[in-house]
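Peer 1: Shown below is the structure under consideration.
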Amino acid sequence: MIVGEYGFMMNHLIERLYREKCDIYTIAGKRAKEKAAKLPPHNIFEFSTNGLDVKYIIQCVQPETVIFMGAQDDAFDWKNDMTASHYSSQLTNVLLWSKTNQVKHFIYLSTMNVFGGSYEEALTEESEPGTDQVKDMIIYNGECLCRLYNDAAMKVTILRFPLVYGPSHFLHERLNPIEAMCFDAKKRGVIKPMEYGSFMVIYVSDAVDAVFKVAMKETSSQHIYHIEGKRVTTSEELSGMLTKDSENPVKVEEKEGKGRNISLNGTEFSEEFHYSPLIELETGIMRTNQFVETHFEALNEKELTAEEREKKEAKEQFKRNMRTILHKAGRIVENIVLFAFVMFITCQFGHMDMFSGLDFLLLYVLAASVAFGIGHSILAVVLATGGNLYLRMLETGQGISAVLSQYSVIFQFLFYFIVAIMISYTILRYKLSMKEQDEQMEDLQEEYELIYDVNKTNVEIKRVFEDRLLNYGDSIGKIYNIVSELDVLDPEKIAVASLGVVCKIMNVQDVCIYKTGQGEYFHFIEATTGEARNMKRAIKLSDYPRMQQALETRDIFVNHQIGSELPRMAAPIYSENKLIYIIMLWNMEFEQLNTYQKNLFLVLAKIITSSLEKGYQYEEVGRQQKYYENTNVMFPEVFRQQIEEKLKDVSYEQAEYSVIKIDMGEESLEEISKKLGELVRDEDKIGKLEDEDSHVYILAHAGYTDVPFVVNKLNKNGLKSKAVIIDGF
């Protein structure tokens, strides 16, 4: 099981494991199947690795080895502040559930970048890591976390790689550093120097080979290994190789200071796993450059699109910031304007007797607290107190110090303040309460999505185990795979699908199905062969007492008589103690009429019954989304779908269904539905083609030659009708 989003190294790893005949599973996040469309077939789980889904996936799949892509996962955006916590939570989640579910081997892919500084000698596993880069610190913390889970129950192996390079699989992959260098050389003729003075590189197939060797080996002497590349190189050497390949001079941008030197000593790994890198640097650079040359136009377009997107996002962020500033400034201005208006009203009308008991400034404080919130309510208190001082000074002719010395002014300020705080606090509590309700709704939505994802996980796991079961070649596995064709929710489709299921499992060519109708009659629905389709269109069960007796006791009818008009076998399908379908087998070999075949047919009948019950429950729950209220008349979009399923790509003369148009006249839809319910069969569908149409239509289970009988029957019962051909079918 590989954990990580599809990208450069992961895609190569999947190809190698597929060639080695491994069962491959991936947990690769959203839209994983879209990204893996051109990769070899493998099992994909489109779930986030930091969710509870991981528990159920690992628990059910029980992989022997889990590979966490870690530093070799291109999906992480390390410029995002949340990436570090995201990375750690994913690794912890996968480690925890791998340990809990007894995974034998956990492999963590790290990088040489966990070492900071410059080194003259190649680094061994005993060298102490240390770096000041956030990304590399998080990856090293991941190493430390992995060590805590290493024990006899689950072996944890940490692999540190040099710079991995090579050609990408797909254009949507993020370019590795050497690919980016080739692209710059092609586009600009100048490459950016690496952060290193000298550094080790490893071709992607060699890196994948190292991972494969570790995954296949049951035991190892240590839990950290350095993977050695072919050799050490420099930016200047790479520019010379690119100049040779492109026949155009490729320069290296000047950089300040000397870059650090770093390489890995992989002696321990090479000796224990009999490993040595194969691809020479010149060959690897040539292959990588060829990929860039071939797809240069597309890569250039991708870069321009990314630049435009970044510029657009920067503009949008600037606009959002400006809107926030202007909004806050606007609120302050509104507060001041409201204060000025209140002061004007106070100066103009405050001296009148009718307003003598009214404090306009208190009303202002109340209005500001309600309208603008707690921050602006404090500003309103300050402005109101200032306005009150000004009015007192006008009334008494005293200076500001004399007015401030009066207790009434201080008490009034405190009164304003208390009122403003109480109102603001009340409003704030209300907003917090509403926010809590919204958060609760979000939590419920997340819980619902989790349950949905878990159910989706179960479906994925079910499919995985179906394939695994079939690989054993066991007859039970074959039966289970065939019966999964009934895993639909439309009762009619289940009934038709059951023919194929019975045909495959019972090894009988001629199978047909009848559905209950009015009285004791059963009507022909579908058959697997032309000979089986020539059966009677309707049968009366009481005409066949022996078969009736067996079916009514929910047993399998077996016909041992030669030359009889009865089927060789017949099985009943019940729903709520009512016989609704009869499945008949014809032209069986006489030696097949044994107890084993009878019991097998009985088991199939019970499985089909269970699927039908589920389908009926689903149809009942979703009825309001398919039918007009209080009727059996389908909505136009649903009815057209039914017509398409029955008549699409079939000539009208050969179709087993026909469309009958009925004039509603002055009758309501409910009345028409009630009348038709007594005249049409259950397998006939009633619907409209347009909401405002004054006609209803019947998709009748009657062919071109039989439809006049149905039309005459409807006309005799007062329903003006005729057979029609629908456009497009």
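The values are calculated or read from the model by the stated rules, or taken from the named source; none is laboratory data. Small disclaimer: the values here were computed from a predicted structure and weren't measured. Glycine also receives a Cβ, built like all others from the backbone with ideal geometry; neighbour counts cover every protein chain displayed. Protein only, heavy atoms only, side chains kept; ligands, DNA and RNA dropped before computing areas. Shrake-Rupley method; radii C 1.70, N 1.55, O 1.52, S 1.80 Å.
Peer 1: At R0 = 56 Å, how high is the FRET efficiency between residue 96 and residue 405 if r is their beta carbon distance? Nearest 0.05 is fine. Spell out each step's value before the answer.
Peer 2: Details: r = 69 Å, r/R0 = 1.24.
Once rounded, the FRET efficiency stands at 0.20.
Peer 1: What is the local net charge at residue 423, summed over the other residues whose Cβ is closer than 14 Å to its Cβ (Lys, Arg +1; Asp, Glu -1)? Show your work: numbers first, answer last.
Peer 2: Details: positive: 429, 431; negative: none.
After counting each charged neighbour, the total is +2.
Peer 1: Beyond a 19 Å Cα-Cα separation, which of these cross-linked pairs lie in this structure: 55/104; 35/302; 515/646; 192/251; 135/312? Could you put the intermediate results ahead of the total?
Peer 2: Numbers: 55/104 16 Å; 35/302 16 Å; 515/646 17 Å; 192/251 9 Å; 135/312 27 Å.
Exceeds cut-off: 135/312.
Peer 1: Follow-up question, since we're still on this one. On the accessible surface of the chain, probed at 1.4 Å, how many percent belong to carbon and sulfur atoms?
Peer 2: Numbers: 21080 of 39380 Å².
Carbon and sulfur atoms account for 54 percent of the accessible area of the chain.
Peer 1: Name the residue from 710, 375, 399 whose Cα lies farthest towards the positive end of the charge dipole of the chain, charges +1 on Cβ of Lys and Arg and -1 on Cβ of Asp and Glu.
Peer 2: Sorting the options by dipole projection puts first 710.
Peer 1: Between 239, 167, 721, whose Cα lies farthest towards the positive end of the dipole of the chain when Lys and Arg beta carbons carry +1 and Asp and Glu beta carbons carry -1, centred on the Cα centre?
Peer 2: So the residue we want is 721.
Peer 1: Any idea what the relative contact order of the stretch 229-337 is, in percent, if you count C-alpha pairs under 8 Å spaced at least 6 apart?
Peer 2: Details: 27 pairs, mean separation 29.2, N = 109.
RCO, the stretch 229-337: 27 percent.
Peer 1: Where in the stretch 186-214 does the amide nitrogen come within less than 20 Å of the point 7 Å from the Cα of residue 311, taken along Cα to Cβ?
Peer 2: 187-188
Peer 1: Provide the packing ranking of 398-405, 281-288, i.e. peptides ordered by the mean count of other C-beta atoms within 10 Å per residue, highest first.
Peer 2: On the way: 398-405: 11.8, 281-288: 18.8.
The peptides rank, most packed first, as 281-288, 398-405.
Peer 1: Given 0.36 nm per residue, what is the gain on full extension from residue 449 to residue 603 after removing their alpha carbon distance, in nm? If you can, show how the numbers build up before the last one.
Peer 2: Values: separation 154, 0.36 × 154 = 55.44 nm, distance 3.58 nm.
That pair, residue 449 and residue 603, stretches by 51.9 nm at full extension.
Peer 1: Treat every Asp and Glu Cβ in the chain as -1 and every Lys and Arg Cβ as +1, leave all other atoms uncharged, and give the resulting dipole magnitude about the Cα centre to the nearest 20 debye.
Peer 2: Details: 79 positive and 107 negative charges, 167 e Å.
With only Lys, Arg, Asp and Glu charged at Cβ, the dipole is about 800 debye.
Peer 1: Continuing with the same structure: Once both labels are modelled 7 Å past Cα along the beta-carbon direction, what's the residue 64-residue 88 spacing in nm?
Peer 2: Modelled inter-label distance: 3.5 nm.
Peer 1: Can you sort 278, 391, 242, 379 by solvent-accessible area, 1.4 Å probe, largest first?
Peer 2: Values: 278 125, 391 30, 242 5, 379 60 Å².
Largest accessible area first, the list is 278, 379, 391, 242.
Peer 1: Which pairs, out of 540/675; 626/685; 578/675, put more than 20 Å between their alpha-carbon atoms? Display every interim value, and only then the final one.
Peer 2: Numbers: 540/675 24 Å; 626/685 12 Å; 578/675 24 Å.
Among 540/675; 626/685; 578/675, the Cα-Cα distance tops 20 Å for 540/675; 578/675.
Peer 1: Rounded to the nearest whole Å², what accessible area per residue is found for the chain with the 1.4 Å probe? Present the calculation step by step, with values, prior to reporting the outcome.
Peer 2: Details: 39380 Å² over 729 residues.
Heavy-atom SASA per residue in the chain reads 54 Å².
Peer 1: So for the chain: antiparallel DSSP bridges make up what percent, rounded to the nearest 5? It would help to have the intermediate numbers written out before the result.
Peer 2: Details: 40 of 73 bridges.
If I count the DSSP bridges inside the chain, around 55 percent turn out antiparallel.
Peer 1: Further, regarding this structure: Residues of the stretch 548-566 with backbone nitrogen within less than 15 Å of a virtual label 7 Å along the Cα-to-Cβ line of residue 536, please, listed as ranges.
Peer 2: Residues 548-549, 564-566 fall inside that zone.
Peer 1: Given the whole protein assembly as supplied and a 1.4 Å probe, what does the accessible area of residue 695 come to in Å², nearest 10?
Peer 2: Surface open to solvent at residue 695 totals about 40 Å².
Peer 1: Among 332-339, 361-368, 321-328, how do they line up from the highest to the lowest mean number of other beta-carbon atoms within 10 Å? Spell out each step's value before the answer.
Peer 2: Working: 332-339: 15.1, 361-368: 20.4, 321-328: 10.1.
Per-residue mean Cβ counts within 10 Å order the peptides as 361-368, 332-339, 321-328.
Peer 1: At R0 = 22 Å, how high is the FRET efficiency between residue 222 and residue 120 if r is their beta carbon distance? Nearest 0.05 is fine.
Peer 2: Values: r = 24 Å, r/R0 = 1.11.
After rounding, the FRET efficiency stands at 0.35.
Peer 1: For 12, 223, give me the order by solvent-accessible area with a 1.4 Å probe, most accessible first, ignoring ligands, DNA and RNA.
Peer 2: Values: 12 35, 223 65 Å².
Descending accessible area places them as 223, 12.
Peer 1: Provide the solvent-accessible area of residue 118, counting protein heavy atoms only and rolling a 1.4 Å probe, rounded to the nearest 10 Å².
Peer 2: 70 Å²
Peer 1: Putting +1 on Lys and Arg Cβ atoms and -1 on Asp and Glu Cβ atoms, find which of 70, 84, 14 reaches farthest to the positive end of the dipole of the stretch 1-114.
Peer 2: 14
Peer 1: Relative contact order for the stretch 164-276: what is it in percent, counting Cα pairs under 8 Å that are at least 6 residues apart?
Peer 2: On the way: 139 pairs, mean separation 39.6, N = 113.
It rounds to 35 percent for the stretch 164-276.
Peer 1: I'd like the accessible area for residue 657, computed on protein heavy atoms only with a 1.4 Å probe and all protein chains in place. Round to 10 Å², please.
Peer 2: Approximately 20 Å² for this residue.
Peer 1: Hey, another quick one. Roughly what would the spin-label model give for residue 428 and residue 77, points 7 Å off Cα along C-beta, in nm?
Peer 2: 3.4 nm
Peer 1: Suppose every K and R has +1 on its Cβ and every D and E has -1 on its Cβ; what is the size of the dipole of the stretch 1-144 about the Cα centre, in Debye to the nearest 20? Working shown, then result.
Peer 2: Details: 13 positive and 20 negative charges, 182 e Å.
It comes to approximately 880 debye.
Peer 1: Given axes a ≥ b ≥ c from the Cα gyration tensor, I'd like to know whether the chain is rounded (a/c under 1.5), prolate (a/b larger than b/c) or oblate. Intermediate values should be presented prior to the final figure.
Peer 2: Values: a/c = 2.52, a/b = 1.23, b/c = 2.05.
Judged from the Cα gyration tensor, the chain comes out oblate (a/c at least 1.5, b/c at or above a/b).
Peer 1: Select from the stretch 683-729 those trypsin sites (Lys or Arg not before Pro) which occupy a DSSP coil region and have at most 14 other Cβ atoms within 10 Å, ordered by residue number. Write out the running numbers ahead of the final one.
Peer 2: Details: sites: 685, 688, 713, 716, 720, 722; in loops: 688, 720.
Filter output for the stretch 683-729: 720.
Peer 1: Report the calculated FRET efficiency for residue 325 and residue 33 (r = Cβ-Cβ distance, R0 = 60 Å), to the nearest 0.05. Each step should come with its number before you reach the end.
Peer 2: Numbers: r = 44 Å, r/R0 = 0.74.
That pair, residue 325 with residue 33, gives E of 0.85.
Peer 1: Could you sort 78, 586 by accessible area so the largest value comes first, with the probe set to 1.4 Å?
Peer 2: Values: 78 70, 586 40 Å².
Ranking 78, 586 by accessible area, largest first, yields 78, 586.
Peer 1: Convert each backbone phi in the stretch 72-77 into a coupling constant with the Karplus relation 6.51 cos²θ - 1.76 cosθ + 1.60 (shift: θ = phi - 60°), then list the ³J(HN,Hα) values in order as whole Hz, x for Gly and Pro.
Peer 2: Here the 3J(HN,Hα) series is 8, 8, 7, 6, 6, 9 Hz.
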